[in-house]
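Here's the structure, in structure tokens; my notes come after.
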Amino acid sequence: MSNASTLSVRVARKRVEAVDICTFELVAADASPLPAFSAGSHVDVHLPGGLARPYSLCNDPTESHRYVIAVLRDPASRGGSRAMHEEVVEGQLLQISLPKNHFPLAHDARRHLLLAGGIGVTPILCMAERLANTGAEFEMHYCTRAPERTAFRQRIADAAFASRVHFHFDDGNAGQKLDIEALLAAPASGVHLYVCGPKGFMDAVLKAARASSWPEARLHTEYFAGEVAASGADVAFDVQLASSGRIVRVPAGQTVISALAEAGVDVPFSCEQGVCGTCLTRVIEGAPDHRDLYLTPEEQAANDQFLPCCSRARTPRLVLDL
Ligand code: FES
């Protein structure tokens, strides 16, 4: 059974989608229709061993009989992708969160430009399905290392929108590589840009877009892996719970989430890398040292919320809305 915030699902199908990438088809454990989701949504999958990881839904959002996720085996896995690849099997029951969307389509856009790097294709492909279903104008570019590492190649080739998708392979000839600067050189009015992929790919896309004066409101991003800053030079600080006044010390080398958990205060979390937004917490006093990729620069500058899975403090104490 499911409770209000989690769903019990069964792995109906697990298959190798491309080199180092598996897809998982999840159906409701009681075979009922699943809650609706919008393009760009993800679910947190609770894994064996107590981990939870966010994965974007990549099937057609009109489907209610299944959720499809794709997982890249990450050699630097902290346990999430390794567990999905090695431990999760067909028929297994898993708990997942309800779908959440931090990467929605802008429905007032005149045209949509979708850019995917590697496994970042998952939310982007879902967007392409949705845009094709609604007759919206869009173009998709999908960059990967090589054809055999390209998830959903066949699904895209078979799709009605195949002609709008351009593949770019790192190991292919120079002529087919994506010229990001040229593609983004002239932002036409009403065009929105969506990008998901490895940080280096996203940084290159955003740098080119900003250099060509794309308005920030038309840049939509979803990071799937952060680069949490090393904690070598970190110092200890205090967090205070506004509800009780209680103070919890956060030592150098420990995250706020973990210090709070040790003190018996649970803050919901998922990615632990500052990319999913699950642990977002309001800051009432003090200045956070933002290290996430989730908040916009403007939101970070406001200093009234932070991601305690990775961010720290620039002041000796943070008073949190907990
Ligand atoms: Fe994902 Fe903190 S748990 S941003």
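With the requirement that a residue be closer than 14 Å to V43 by Cα and assigned to a loop (DSSP other than H, G, I, E, B), what does segment 61-70 give you? Spell out the reasoning first.
Looking only at segment 61-70, we keep the residues that are closer than 14 Å to V43 by Cα, and these are 61, 66-70.
Result: P61, R66.
Answer with yes or no whether P75 is within 30 Å of P147 (Cβ to Cβ) and away from the ligand (no atom under 16 Å from the Cβ).
yes
Give me the residue from segment 85-141 that is outside any loop (DSSP other than H, G, I, E, B) and of a type in the set (K, R) and, out of that set, most open to solvent (accessible area, probe 1.4 Å).
Quick first cut of segment 85-141, residues outside any loop (DSSP other than H, G, I, E, B) only: 85-86, 93-97, 100-101, 111-133, 138-141.
Filter again for of a type in the set (K, R), leaving 100, 111, 130.
Details: K100: 57, R111: 53, R130: 89 Å².
Step by step, filter segment 85-141, then rank; the result is R130.
Quick check on my filter: what residues within segment 236-281 are polar (S, T, N, Q) and touching a residue at least 60 places away in the same chain (Cβ under 8 Å)? Can you show your working first?
Going through segment 236-281, the residues polar (S, T, N, Q) turn out to be 240, 243-244, 254-255, 258, 270, 273, 278, 281.
The answer is Q240, S243, S270, T278.
Here are some residues: V27, V68. Which one is crowded, with 16+ Cβ neighbours inside 10 Å, closer than 20 Å to C276 by Cα and away from the ligand (no atom under 16 Å from the Cβ)? Give the steps one after another, and end with the answer.
Values: V27 fails: closer than 20 Å to C276 by Cα.
Being crowded, with 16+ Cβ neighbours inside 10 Å, closer than 20 Å to C276 by Cα and away from the ligand (no atom under 16 Å from the Cβ) holds for just one of V27, V68, which is V68.
Whether any residue in segment 34-54 is open to solvent by 30 Å² or more (accessible area, probe 1.4 Å), over 14 Å from G91 (Cβ atoms) and in contact with a Cys (Cβ under 6 Å, 6 or more places away or on another chain) is what I want to check.
yes
I'd like the full set of residues that are more than 29 Å from A217 (Cβ to Cβ) and of a type in the set (D, E, K, R), limited to segment 273-297. Let's see the steps before the verdict.
Here is the first cut: in segment 273-297, the residues more than 29 Å from A217 (Cβ to Cβ) are 285-286.
Result: E285, single match.
Of all residues in segment 71-83 being at pLDDT below 85 and assigned to a loop (DSSP other than H, G, I, E, B), which is most open to solvent (accessible area, probe 1.4 Å)?
First pass over segment 71-83, keeping only residues at pLDDT below 85: 74-80.
This time we only want the ones that are assigned to a loop (DSSP other than H, G, I, E, B), so: 74-79.
Working: D74: 70, P75: 136, A76: 75, S77: 22, R78: 115, G79: 9 Å².
By that ranking, first place goes to P75.
Does S212 satisfy the criteria of being farther than 18 Å from P297 by Cα, open to solvent by 20 Å² or more (accessible area, probe 1.4 Å), out of contact with any Gly (no Cβ under 6 Å at 6 or more places or on another chain) and at pLDDT 95 or above? Lay out the reasoning, then the answer.
Values: farther than 18 Å from P297 by Cα: yes; open to solvent by 20 Å² or more (accessible area, probe 1.4 Å): yes; out of contact with any Gly (no Cβ under 6 Å at 6 or more places or on another chain): yes; at pLDDT 95 or above: yes.
Here the answer is yes, as S212 does meet what is asked.
Scan segment 168-182 residue by residue and report those that are under 24 Å from the mean Cα position of the chain (by Cα) and either part of a loop (DSSP other than H, G, I, E, B) or farther than 29 Å from A217 by Cβ (or both).
F169, D170, L178
Looking at (1) open to solvent by 60 Å² or more (accessible area, probe 1.4 Å); (2) more than 22 Å from I69 (Cα to Cα), find the lone condition where D158 falls short.
(2) is the only condition that D158 fails.
Every residue in segment 79-116 that is among the charged types (D, E, K, R) and in contact with a Lys or Arg (Cβ under 8 Å, 6 or more places away or on another chain), please. Don't jump to the end; show me each part of the working.
To start, the set of residues in segment 79-116 that are among the charged types (D, E, K, R) comprises 82, 86-87, 90, 100, 108, 110-111.
Matches in segment 79-116: R82, E90.
Does segment 183-203 contain any residue that is within 30 Å of L51 (Cα to Cα), open to solvent by 40 Å² or more (accessible area, probe 1.4 Å) and not in a helix (DSSP H, G or I)?
Initial filter on segment 183-203 (within 30 Å of L51 (Cα to Cα)): 194-203.
Right, trim to open to solvent by 40 Å² or more (accessible area, probe 1.4 Å) and you get 198-200, 203.
From what is left, the residues that are not in a helix (DSSP H, G or I) are 198.
Yes, that holds for at least one residue.
Just name the residue that is surrounded by the most Cβ atoms within 10 Å (Cβ to Cβ) out of those in segment 253-308 that are on the phi > 0 side of the Ramachandran plot and within 10 Å of the ligand (Cβ to nearest atom).
Start the filter on segment 253-308 by keeping residues that are on the phi > 0 side of the Ramachandran plot, which leaves 253, 264, 272, 274, 277, 286, 303.
Narrowing the set further to residues that are within 10 Å of the ligand (Cβ to nearest atom) leaves 272, 274, 277.
Numbers: E272: 22, G274: 25, G277: 17.
Ranking the candidates gives G274 first.
For segment 215-224, enumerate the residues that are of a type outside the set (S, T, Y) and either touching a residue at least 60 places away in the same chain (Cβ under 8 Å) or open to solvent by less than 40 Å² (accessible area, probe 1.4 Å) (or both).
To start, the set of residues in segment 215-224 that are of a type outside the set (S, T, Y) comprises 215-220, 222, 224.
If the condition is that a residue be of a type outside the set (S, T, Y) and either touching a residue at least 60 places away in the same chain (Cβ under 8 Å) or open to solvent by less than 40 Å² (accessible area, probe 1.4 Å) (or both), then E216, R218, L219, H220, E222, F224 are the ones that fit.
With the checklist (1) surrounded by 16 or more Cβ atoms within 10 Å (Cβ to Cβ); (2) closer than 23 Å to E17 by Cα; (3) not small (G, A, S) in hand, flag the one item P147 doesn't pass.
(1)
The values are calculated or read from the model by the stated rules, or taken from the named source; none is laboratory data. Computed from a prediction, not measured in an experiment: that's the story for all the values here. Note: ideal-geometry Cβ built from the backbone for every residue, glycine included; neighbour counts use all protein chains shown. All accessible areas refer to the heavy atoms of the entire protein, side chains included, with ligands and DNA or RNA removed. Shrake-Rupley method; radii C 1.70, N 1.55, O 1.52, S 1.80 Å.
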